[in-house]
1. Based on what the data block shows, is Tyr106 under 16 Å from Ala32 (Cα atoms) and either of a type in the set (Val, Ile, Thr) or surrounded by fewer than 11 Cβ atoms within 10 Å (Cβ to Cβ) (or both)?
2. From the list Arg76, Arg51, Arg25, Arg89, pick out the single residue that is surrounded by 13 or more Cβ atoms within 10 Å (Cβ to Cβ) and among the basic types (Lys, Arg).
3. Quick check: anything in the stretch 89-107 in contact with a Lys or Arg (Cβ under 7 Å, 6 or more places away or on another chain), over 30 Å from Leu5 (Cα atoms) and not small (Gly, Ala, Ser)?
4. Any chance you could count how many residues in the stretch 34-64 are at pLDDT below 90 and closer than 22 Å to His99 by Cβ?
Amino acid sequence: MLKFLTQMFTWWNGQTLNTRFHTWRNGTFVGADEQGNRYYTGGVDSEGRQRRWVIYNGLSEATRVPPGWHGWLHHRVDVAPVQENYTPREWQKPHEPNHTGSWKAYRPKGSVLRPGDRPAVTGDYDAWTPGN
């Protein structure tokens, strides 16, 4: 019952009932990523291209979409990541969502949320003055 109410009244948590119905009627499952997000295709958008969408596993946060799937969603590539034989290079890090607002967010020394002293100004910077 709680899942039904969540889908009925919230858009930020997975999918709404309308999205579920549209996916059931028109969607073809393409694949899923390592975070459990599911990707679908079906129908035609206003530009005549195949419509593509994602149903998030949990909160709807666009930065949770890995780069390969992002390219497929936005029609940058024609082949979905599950349909190609891609292996990441050894120097590539795994995808991470944006951590702004979480405990993993970047906080430089001297900021309000991180103890420590701010680094001293080095003096190698000249401020810009209009007319110079």
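The values are calculated or read from the model by the stated rules, or taken from the named source; none is laboratory data. The structure presented is a predicted model; accordingly, all values stated were derived computationally and were not measured. Backbone-built Cβ (ideal geometry, glycine too); neighbour counts: all protein chains shown.
1. On the way: under 16 Å from Ala32 (Cα atoms): no; either of a type in the set (Val, Ile, Thr) or surrounded by fewer than 11 Cβ atoms within 10 Å (Cβ to Cβ) (or both): yes.
Judged against the criteria, Tyr106 is not a match.
2. Numbers: Arg76 fails: surrounded by 13 or more Cβ atoms within 10 Å (Cβ to Cβ); Arg25 fails: surrounded by 13 or more Cβ atoms within 10 Å (Cβ to Cβ); Arg89 fails: surrounded by 13 or more Cβ atoms within 10 Å (Cβ to Cβ).
Every option except Arg51 fails the conditions.
3. From the stretch 89-107, those in contact with a Lys or Arg (Cβ under 7 Å, 6 or more places away or on another chain) are 97, 107; that's our starting set.
Next, only the ones that are over 30 Å from Leu5 (Cα atoms) stay: 107.
If we keep only those that are not small (Gly, Ala, Ser) too, we end up with 107.
Scanning the stretch 89-107, I find at least one residue that is in contact with a Lys or Arg (Cβ under 7 Å, 6 or more places away or on another chain), over 30 Å from Leu5 (Cα atoms) and not small (Gly, Ala, Ser), so the answer is yes.
4. 11
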